[in-house]
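Data first, discussion second: the structure below is written as structure tokens.
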Amino acid sequence: MTVRIVLADDQPLVRSGLRVLVADHPDLEIAGEAATGAEAVRLAVDLVPDVVVMDIRMPGMDGIEATRRITAGAGTTRVLVLTTFDEDEYVYGSLRAGASGFLVKDMALDDILAAIRVVAAGDALIAPSVTRRLIADFAGRPAAAPRRPARAVEGLTEREREVLTLVGRGRSNTEIAQDLSITVATAKSHVSRLFTKLGARDRVQLVITAYETGLVGPPE
């Protein structure tokens, strides 16, 4: 199945580079390009792509608001933010807006393509190193977003809390299985139940919940 992509970035050079890269992969297709958040929203509605690769800093409507509008719609389009983490203080906002993950622009191009495929398949992408930096950055700005009350996770079993904590630390299903001495299939089952119980769209939202409810704190 071909993954249909909309590229949303106000830098033509970035869009051109990704377009050339995607052209060499028959399972990926550029369905459209946008230079503003408003254009990205319009294309998401008109073209219903599988993934929108979204910049954050764009003129007019920024990528965060565009992401919020796209993910709030009735379609199945998912958003993958592509930005510069060290300079962009709005990454956390993009995840809260419903993005299924984010990348930094200095990543290898093959890694970007792999991330697009992961997001299109219904998973989320958030590297452990980026997770730690995200939590540390957010912890330094407590006014950035309200914390959820601890009762938000009261309905979880002790094992599910353990799994949520590990997800919040950026651990993969395989790593969770190793840490808890369970099978990978069991780890996947626990994560699936967390999606249902917490009303989470993907792993990124589980990470946010783990931090906001105090299960995970900034790294020491």
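The single condition from (1) free of Cβ contacts under 8 Å to residues at least 60 places away in the same chain; (2) part of a helix (DSSP H, G or I); (3) under 16 Å from Leu125 (Cβ atoms) that Gly170 fails is (2).
Within the set Gly37, Gly75, the sole residue that is of a type in the set (Gly, Ala, Ser), within 30 Å of Thr209 (Cβ to Cβ) and out of contact with any helix residue (DSSP H, G or I) (no Cβ under 6 Å at 6 or more places or on another chain) turns out to be Gly75. A count restricted to region 117-170 and to residues that are modelled with pLDDT of 80 or more and among the basic types (Lys, Arg) stands at 4. One residue stands out in region 173-205 among those that are of a type in the set (D, E, K, R) and part of a helix (DSSP H, G or I): the one that is modelled with the lowest pLDDT, namely Arg203. Step by step: first the residues of region 173-220, then only those that are among the hydroxyl-bearing types (Ser, Thr, Tyr) and either closer than 14 Å to Ala124 by Cβ or without any contact (Cβ under 8 Å) to a residue 60 or more places away in the chain (or both), then the one that is surrounded by the most Cβ atoms within 10 Å (Cβ to Cβ). Which residue is that? Looking at residues that are among the hydroxyl-bearing types (Ser, Thr, Tyr) and either closer than 14 Å to Ala124 by Cβ or without any contact (Cβ under 8 Å) to a residue 60 or more places away in the chain (or both), I get Thr209. Scanning region 57-104 for residues being on the phi < 0 side of the Ramachandran plot and either at pLDDT 90 or above or over 14 Å from the mean Cα position of the chain (by Cα) (or both) gives a total of 29.
With the requirement that a residue be under 16 Å from Leu166 (Cα atoms) and of a type in the set (Lys, Arg), what does region 194-211 give you? The answer is Arg203, and nothing else. Taking first residues from region 9-21 that are touching a residue at least 60 places away in the same chain (Cβ under 8 Å) and partners that are of a type in the set (Lys, Arg), the Cβ contacts under 7 Å between residues at least 6 apart in sequence or on separate chains come to Asp9/Arg15.
The values are calculated or read from the model by the stated rules, or taken from the named source; none is laboratory data. Remember, predicted model here, so these are calculated numbers, not experimental data. Cβ coordinates were reconstructed from backbone atoms using ideal geometry, including for glycine residues, and neighbour counts include every protein chain displayed.
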